[in-house]
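Here the structure is laid out as structure tokens; the discussion comes afterwards.
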Amino acid sequence: MGAEQGYDDMEVTLRDSDVFNYIVEVLQNVRMDPFLIDLRYKSQYDFLLDLVDPTKKRTSDEEAMFATTLEALSEAVSTIDTMYHHALLHNIFTMCVWYLNSYTRVVLLDLITRLAAVADQYLRECLQMLVNNFTPPGPLIRYIEEPRWLAKKEEIYSQLQESLKKISDTVPLAPRMLKDIIDRSMPKLFDSKAKMVSFVECMLGLDADTWDIIGPSLLEKVVYLLTELDVNITWEDILQDEHNKGIFDMELEDLDEDEDNLGQEGTKVLFGGNVCAEKLDGLMVVVCKHLKSRAEEPDRLNKEFDTLKAIFKSHVIRVHKSKFAQFIMFYACSLYPKICGEGFAFFLVDIFIDKDKKEDAITRMSAVSYVGSYLSRARFISVNTVVAVLQRLVEWCGDYCGSQLDKGVTANPIKHQLFYASCQAVMYVLCFRLRSIMDYPNLKLQLFQMRIQNILAHPLEPLKVCLPSIVNEFLRQARSASLFHASVNSTHEDAVESDLSKAFGGLNRLDMFFPFDPYLLKESDRYIRPNFEFWSLVKTTYSNNNSDEDNDELADIDAPGMNVGSLDDHFEIDFNNDDDIEYSMNKMSITPHRTFYHPLATNSEFSSMPARIRPSVSPPS
């Protein structure tokens, strides 16, 4: 009565369509102390274990027998005992669905869903088995994005997600337990890109009902992973003169003309093969696809957006080394500009103004940096919204100035950081948006009635403290638009001005934090670019008066080598006089040159500004 006899018995059983009774008989007769089991049934049980061996390679006939065995086990789940059939359960729960044909996969997943429904028995093991299969096995994972595998990948994801839905519908406890399992199984920083992308892609495809219960927590985990990858991409990795010279000598928009740079290869060009950048790029694609699918149901997108705002505030806003992860918010806003887009702008302003006095200074400074960068770069934000946000910022600045009048104040970059950050945000937004505001008489009137001139002429002297590159461009456009009708006197020396600017941002250099600078991740760039405002495409208030030569220079605004001249020594600004405005930088600064990466460790002045693809800077941790 050896294994051969077990095999012969199974053959007969298959022909008699009585495999269920056979399986039940074997399972029942091994439910005892191993020393008491009849050798015949022990041999048949061993044969059953061999049939469901997760490591076994099967012929087509063996696969058919395997599927039939799984079907019988599905009908016999009440006979399976965790104590006496531990080896059988181990084989089932360590099975990899990626090696099975479609029918066998369906049968196996049906068995898993039935086992999960057994009260207080196998729920955790069943959920863990499904989550383990979010990621293809090692030998397959490198090929998973090849065309021949894409259809099968989508089919497997769908089957796994459907199985999880069935379990969640049957067992109320399942979603909460699933959340815990996914938390523990989330990819880690040093996992491969393919593993990260596969896992997150399958996870984000969970059904709506399950997602409503655990989605916010899972999305938080994803954003945390994005941010962790992001901060591990250093700008030294990106700004390699020898490897990236071609990239930084051309407009980022022009990269589309080079088909060889598309996709992952393009990312390698930009980042010199930086592994974290490639992983982040792939994950950004997956998350953007997820958000796009939510946009088909505006109510679901609104709910997802509320979750993202909470995650952004808790995990992202204070991470000043983050360069790309925050663009998840940018893309979500672009999908529903009227609600999400405008909502995010006012959400940031509310954090900055902080009526309830709940926020710390760093968070508030970050918020105003975000709102300035966001309004400047988001094409989908209406000019009405821009003016409404500017109104709130200018009113706050005006109130702040009013509270300082009787105190004999002078410029103090550290003490008045929030004030200078708000002033800089206002000027930065107007560098990008002033021309478009001028096209609407009602909005132009509203802007002209704001107390911008009084604020800039205040003894706190924001024009001395804010970044010279932004100040110069703003003054040039303001003069051209006749935004001011009187002179503002400001007498200082270059050295003083430079020291004040350096001190303004503090150790984190938040004065140079522009979170929505041009996006460098090549594969996911297609989600950001259509709604992103590049400086080279901005119409300035003075552009109509420029010569062709000037326009040619402006077209190269985002290229490296931009020079910044500080405001003249002992000068008086007359906003109606060209000669009284120093705008030696004809190219708008986006973020400072990396020589400012350690600003307090150098005596260099603000003498040059970077390419439009320069980093927003914060010191190393």
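Which residues does the label zone of Ser543 cover in segment 465-480, counting backbone N under 12 Å from a point 7 Å along Cα→Cβ? Those under the cut-off are none; the list is empty. Across the accessible surface of segment 296-381, with the other protein chains kept in place and a 1.4 Å probe, carbon and sulfur atoms take up 50 percent.
If each residue of separation counts as 0.36 nm, what is the full-extension length gain between Ser436 and Asp18 once their alpha-carbon separation is subtracted?
Extra length from Ser436 to Asp18 when fully extended: 142.6 nm.
Applying both filters, DSSP loop and at most 14 other Cβ atoms within 10 Å, to the trypsin sites (Lys or Arg not before Pro) of segment 364-422 gives Arg379, Lys415. Other residues within the sphere of radius under 9 Å centred on the Cβ of Lys193, judged by their own Cβ, net out at -1 (K and R +1, D and E -1).
Apply 1/(1 + (r/R0)^6) to the Cβ-Cβ distance of Val383 and Leu189, taking R0 = 25 Å, and write down the FRET efficiency to the nearest 0.05. Before the final figure, lay out the partial values.
On the way: r = 41 Å, r/R0 = 1.66.
The formula returns an efficiency of 0.05 here.
If you take all other residues with their beta carbon under 13 Å from the beta carbon of Lys313, and give Lys and Arg +1 and Asp and Glu -1, the sum is -2.
Using a cut-off of 30 Å between Cα atoms, the listed pairs Lys188/Lys415; Lys193/Lys323; Lys179/Lys357; Lys57/Lys195; Lys279/Lys358; Lys165/Lys193 include Lys188/Lys415; Lys179/Lys357; Lys279/Lys358 as exceeding that distance.
If Rh is defined by the Kirkwood formula over all Cα pairs and Rg also comes from Cα, what ratio Rg/Rh do you get for segment 393-462? Show your work: numbers first, answer last.
On the way: Rg = 13.1 Å, Rh = 12.9 Å.
Taking Rh as the inverse mean 1/r over Cα pairs, Rg/Rh reads 1.02.
Across segment 215-229, coupling constants 3J(HN,Hα) worked out from phi with the 6.51/-1.76/1.60 Karplus curve, θ = phi - 60°, read x, x, 5, 5, 5, 4, 4, 5, 5, 4, 5, 4, 5, 4, 5 Hz, and Gly and Pro carry x.
Enter the accessible area per residue of segment 46-166 (Å², integer; probe 1.4 Å; all protein chains in place). Don't skip to the end; give the middle numbers.
Numbers: 5480 Å² over 121 residues.
Per-residue accessible area for segment 46-166 comes out at 45 Å².
Stretched out straight at 0.36 nm per residue, the stretch from Leu173 to Arg529 would grow longer than its current Cα-Cα span by 123.9 nm.
Of all accessible surface on segment 29-80 at a 1.4 Å probe, what whole percent is carbon and sulfur?
Working: 1460 of 2740 Å².
Its accessible area is 53 percent carbon and sulfur atoms.
Solvent-accessible surface of segment 270-375, averaged per residue with a 1.4 angstrom probe and all protein chains in place: 34 square angstrom.
Stretched out fully, how many nm does the piece from Lys56 to Asp207 gain, at 0.36 nm a residue minus the Cα gap? Present the calculation step by step, with values, prior to reporting the outcome.
On the way: separation 151, 0.36 × 151 = 54.36 nm, distance 3.24 nm.
My answer for the length gained is 51.1 nm.
A cut-off under 15 angstrom between Cβ atoms defines the neighbours of Val107, and their net charge, with Lys, Arg +1 and Asp, Glu -1, is -3.
The values are calculated or read from the model by the stated rules, or taken from the named source; none is laboratory data. Everything numeric in this text was worked out from a predicted model, so none of it was measured. Neighbour counts run over all protein chains shown; Cβ positions are idealised from the backbone, glycine included. These accessible areas exclude ligands, DNA and RNA; they are computed on the full protein's heavy atoms, side chains included. Shrake-Rupley method; radii C 1.70, N 1.55, O 1.52, S 1.80 Å.
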